[in-house]
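The values are calculated or read from the model by the stated rules, or taken from the named source; none is laboratory data. In this text, all values refer to a predicted model and were calculated from it rather than measured experimentally. When we count neighbours, we look across all protein chains shown, and the Cβ atoms used for this are built from the backbone with ideal geometry, even at glycine. All accessible areas refer to the heavy atoms of the entire protein, side chains included, with ligands and DNA or RNA removed. Shrake-Rupley method; radii C 1.70, N 1.55, O 1.52, S 1.80 Å.
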Amino acid sequence: MKTLIALTILATSLAGCGTVDAYRRAGEDTRRGGNIDQGMAAEQKKQQEAAAQKQTLEDKKISAERDAKKMQQQVAAAQDQTKAMDGELARALSDRKLTQAKHDELKAQQASLKAELASLQLKNAADQRKPLDPKVEADKARHLAELEAKQKKLEAELAQALKTK
């Protein structure tokens with residue numbers, strides 16, 4: 001019987017130690033700077049990093065949209081200038097300031113330029129639905145600059161042809 005009482009006391013004291021230990025660990029976890037505070041700090045840092053990354057992505061998206069809109073405007077302006085050249089070419093031919101051969105040559109160059117501008121406009125519109133690719137955007141900007149240079153050359157050629165007649 002004494003053994004049974006001793007075993008009961010021992011079991012009760014051991015069970016109490018587990019409860020005390022759990023209570024002690026809970027106290028350590030909840031004190032200032034404990035495991036809970038450390039976990040919360042780590043989660044707050046992750047949230048701040050995610051918010052900063054989200055802001056960066058939003059800024060990139062806005063920048064890409066602005067660049068795409070600017071390119072659309074530049075292409076539209078180049079197309080308008082090319083259309084205006086139609087009238088100049090027709091007037092120059094009717095006023096006999098251009099020969100038919102020179103008119104046809106300039107008209108062919110203009111048609112080629114119109115086609116390339118239309119192609120660039122379609123590519124730009126299609127690329128707006130895709131994720132931003134800086135290399136593609138740089139290629140489109142370079143191509144637009146080449147087309148604008150080609151257009152200026154064509155305009156200069158027309159002006160020169162009109163001067164010489």
Original post:
Say we look at segment 82-112 and pick out the residues that are open to solvent by 60 Å² or more (accessible area, probe 1.4 Å) and basic (Lys, Arg); which of these is farthest from residue 146 (Cα to Cα)?
Top reply: 96
Original post:
Do we have any residue at all in segment 8-29 that's at pLDDT 80 or above and open to solvent by 90 Å² or more (accessible area, probe 1.4 Å)?
Top reply: no
Subject >> Where residue 77 falls short, out of the listed (1) without any contact (Cβ under 8 Å) to a residue 40 or more places away in the chain; (2) surrounded by 11 or more Cβ atoms within 10 Å (Cβ to Cβ); (3) not in a helix (DSSP H, G or I) >> reply: (3)
Subject >> Residue that is least open to solvent (accessible area, probe 1.4 Å), among those in segment 54-71 that are under 18 Å from residue 134 (Cβ atoms) and among the polar types (S, T, N, Q) >> reply: 63
Original post:
How many of the residues making up segment 81-97 are in contact (Cβ under 8 Å) with a residue 60 or more places away in the chain and within 14 Å of residue 155 (Cα to Cα)?
Top reply: 6
**OP:** Report, by residue number, each residue of segment 113-147 that is of a type in the set (A, V, I, L, M), surrounded by 12 or more Cβ atoms within 10 Å (Cβ to Cβ) and under 14 Å from residue 68 (Cβ atoms).
**Re:** 120, 125, 132, 136, 141, 144
